[in-house]
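Q: First, the structure itself, so that you have it in front of you.
We did not get these values from a lab; they are worked out from the coordinates using the rules stated. If you're wondering where the values come from, they're calculated on a predicted model, not measured in any experiment. Backbone-built Cβ (ideal geometry, glycine too); neighbour counts: all protein chains shown.
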Amino acid sequence: MSHIAERMQAVRERIARAAANAGRRPDEIRLLTVSKTFTAGDIAEAAAAGQLAFGENYVQEAVAKIAALRHLPGLEWHMIGPLQANKTALAAVNFSWVQSIDREKIAARLSSARPAGLPPLSVCVQVNISGEATKSGIAPAGAVALAATVAAMPGLRLRGLMGIAEPSATAAIPRLQFRLLRELRDELRGRGLALDTLSMGMSADMEAAIAEGSTMVRIGSAIFGERHAEAA
């Protein structure tokens with residue numbers, strides 16, 4: 001077994017334990033492997049171990065990997081980093097998911113650029129649940145209105161919400177922030193939106209996220225190790 005496969009197995013065991021502690025089933029939680037800054041070879045190794053969903057932060061870096069790995073069947077690519085307006089056309093064509101919609105303009109451009117021959121682009125509204133100025137995402141007060149607007153756009157399928165908690169030495173702060181995201185999801189469901197995704201939790205705080213209802217955890221370093229230098 002490769003090092004990546006071993007670490008992936010350890011992460012899946014963490015997910016299973018966290019689910020059991022929360023009274024949930026492990027199959028309620030998807031693993032998204034964050035592959036930004038890692039190579040196409042690293043991704044191929046993870047795919048050989050059974051992982052198919054990968055998250056990228058930079059459109060051009062991702063497009064190069066997508067092209068290099070087209071021979072591998074079933075790979076699912078998620079854009080999870082802030083998306084610039086001038087990169088929306090590339091993202092709309094190459095990704096299956098965009099999780100980082102934080103304003104109407106980005107959603108509208110993705111909607112216009114999604115090719116008619118492809119399935120609707122799965123999207124999440126990113127909410128700044130920590131309130132940190134360094135974090136992307138719409139403020140919680142604006143999330144419901146933005147989500148309703150995005151849900152009505154052709155070519156897009158609103159799947160849910162994404163958020164990043166503040167780093168903390170204890171689980172208390174992340175749990176409060178993840179709970180906020182879950183409550184926003186519940187409010188949107190109450191308004192008739194059929195949302196199935198709460199994308200929250202990373203290597204350091206996945207247990208707190210799962211306890212608060214995460215359906216997708218975004219894990220990079222716990223699988224691939226320390227990151228390479230970030231791409232521009």
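Q: At what distance in nm do the modelled label points of Glu183 and Glu226 sit from each other, each positioned 7 Å from its Cα along Cα→Cβ?
A: Simple spin-label model gives 4.0 nm for this pair.
Q: What aspartates and glutamates could a cross-link reach from Lys36, if we take a straight Cα to Cα line under 13 Å and drop same-chain neighbours fewer than 8 places away?
A: Glu56, Glu61, Glu226, Glu230
Q: Please tell me the relative contact order of the chain in percent, rounded to the nearest whole number, where contacts are Cα pairs under 8 Å and at least six residues apart.
A: In percent, rounded to a whole number, it is 21.
Q: Sequence neighbours fewer than 8 away in the same chain don't count; with that in mind, list the lysines whose C-alpha is under 21 Å from Lys105.
A: Lys87, Lys135
Q: Neighbouring Cβ atoms within 10 Å as the yardstick, rank Leu146, Leu176, Leu198 fewest first. Walk me through the numbers before you get to the answer.
A: Numbers: Leu146 20, Leu176 16, Leu198 27.
Neighbour counts put them in this order, fewest first: Leu176, Leu146, Leu198.
Q: Rounded to the nearest angstrom and ordered from largest down, what semi-axes does the equivalent ellipsoid of the range 95-194 get from its C-alpha gyration tensor (root of 5λ)?
A: Working through the eigenvalues yields semi-axes of 26, 14, 11 Å.
Q: Quick one: net charge around Val125, please, counting Lys, Arg +1 and Asp, Glu -1 for every other residue with C-beta under 11 Å from its C-beta.
A: +1
Q: Could you pull out every residue, at least 5 positions away or on a different chain, whose amide H is within less than 5 Å of the one on Ser100? Hs are placed 1.01 Å off N in the peptide plane, and Pro or chain starts have none.
A: Cys124
Q: Assigning unit charges at the beta carbon (Lys, Arg +1; Asp, Glu -1) and nothing else, what dipole magnitude in debye, to the nearest 20, does the chain show about its Cα centre?
A: Computed charge dipole of the chain: roughly 480 debye.
Q: Moving on. Take Asp196 and Leu69, extend 7 Å from each Cα along the Cα→Cβ direction, and tell me the distance between the two endpoints in nm.
A: About 2.2 nm, to one decimal.
Q: Sequence-distant or interchain residues sharing an amide H contact under 5 Å with Ile138, placed H: which?
A: Placed amide hydrogens put Gln126, Val127, Asn128 under 5 Å from Ile138.
Q: What dipole magnitude, in Debye to the nearest 20, does the range 1-98 give about its Cα centre under +1 on Lys/Arg Cβ and -1 on Asp/Glu Cβ?
A: 200 debye
Q: Residue by residue through the range 117-129, what is 3J(HN,Hα) from phi via Karplus (6.51 cos²θ - 1.76 cosθ + 1.60, θ = phi - 60°)? Round to whole Hz and write x for glycine and proline.
A: Once θ is set to phi - 60°, the couplings for the range 117-129 become x, 9, x, x, 6, 6, 9, 10, 8, 8, 10, 7, 6 Hz.
Q: Could you calculate the contour length gain from Ala16 to Thr149, that is, 0.36 nm times the residue separation minus the distance between their Cα atoms, to one decimal place in nm?
A: 44.3 nm
Q: Find which of Ala19, Cys124, Phe178 sits farthest along the positive direction of the dipole of the chain, computed with +1 on the beta-carbon of Lys and Arg, -1 on that of Asp and Glu, about the Cα centre.
A: Cys124
Q: How big is D for the chain, in µm² s⁻¹ as a whole number, if Stokes-Einstein is applied with the Kirkwood radius of its Cα pairs at 25 °C and 0.890 mPa s? Working shown, then result.
A: Numbers: Rh = 17.8 Å.
Answer, rounded: 138 µm²/s.
Q: Taking H placed 1.01 Å from N in the peptide plane, check which residues at least 5 places from Met216 or on another chain put their amide H under 5 Å from its amide H.
A: HN-HN under 5 Å from Met216: Arg30, Leu198, Met200.
Q: In the neighborhood of Arg175, defined by Cβ-to-Cβ distances under 13 Å, what is the net charge if each Lys or Arg adds +1 and each Asp or Glu adds -1?
A: Summing Lys and Arg as +1 and Asp and Glu as -1 gives -3.
Q: Between the range 85-143 and the range 155-221, how far is it from one alpha carbon centroid to the other, in angstrom?
A: 16 Å
Q: With r defined as the distance between the Cβ atoms of Ala48 and Ile173 and R0 fixed at 35 Å, what FRET efficiency is calculated, to the nearest 0.05?
A: 0.40
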